[in-house]
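Input: a single structure, listed below in structure tokens.
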Amino acid sequence: MNSKTASIIIGLAFLGVGALGFVSNPLIGHHAIFHADTTHNMVHIVSGSLFILIALAMPPNAGMFCKIFGVVYLLLGVGGLLQFGMAGMGELLGFLHVNGADNLLHIALGLIIFLAGTLRSKTSRYA
């Protein structure tokens, strides 16, 4: 697997999570494990679209996009933990509803997405 493929997979996952946030479920929503509102869901959908767009339109840039996005997500997670802790909930950066579970997930995803940006394929000229 290379960064382009990883970016497409991550993008599809973000699109799915964003769409799932609009349907009542125990995982993602106002009263769910991961707190998300319409804005948070739209951020996931836009992020997923960007992952796919960059992977398909600019494959050589997919790795750098993953690295930058991974660092941003890691910082969001750490910022959320510092601001709200594990038991708190609130608006990170004034618009992104998060809770403790979101913060931990953002940290884990930040690391995973950053690492996806380092993937190289021996058979592909795009990473």
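Only the coordinates and a few stated rules stand behind these numbers; no lab work does. Note that the structure is predicted; figures quoted are calculated from it, not measured. Note that we place each Cβ from the backbone using ideal geometry, even for glycine, and neighbour counts take in every protein chain shown.
Does segment 63-106 come out rounded, prolate or oblate by the C-alpha gyration tensor, with a ≥ b ≥ c the root eigenvalues, rounded set by a/c under 1.5 and, if not, prolate when a/b is larger than b/c and oblate if not? Prolate, since a/c reaches 1.5 and a/b exceeds b/c. Between the Cα long axis of helix 100-116 and the first principal axis of the chain there is an angle of about 10°, rounded to the nearest 10.
The alpha carbons of segment 3-116 stretch over 40, 29, 20 Å along the principal axes, in descending order. Apply 1/(1 + (r/R0)^6) to the Cβ-Cβ distance of S24 and V78, taking R0 = 30 Å, and write down the FRET efficiency to the nearest 0.05. Working from the Cβ atoms, E equals 0.50.
If the only charges are +1 at each Lys and Arg Cβ and -1 at each Asp and Glu Cβ, what is the size of the charge dipole of the chain around the Cα centre, to the nearest 20 debye? Please list the in-between numbers first.
Details: 5 positive and 3 negative charges, 142 e Å.
With only Lys, Arg, Asp and Glu charged at Cβ, the dipole is about 680 debye.
Extension gain for the segment D37 to L50, taken as residue separation times 0.36 nm less the Cα-Cα distance, is 2.7 nm to one decimal.
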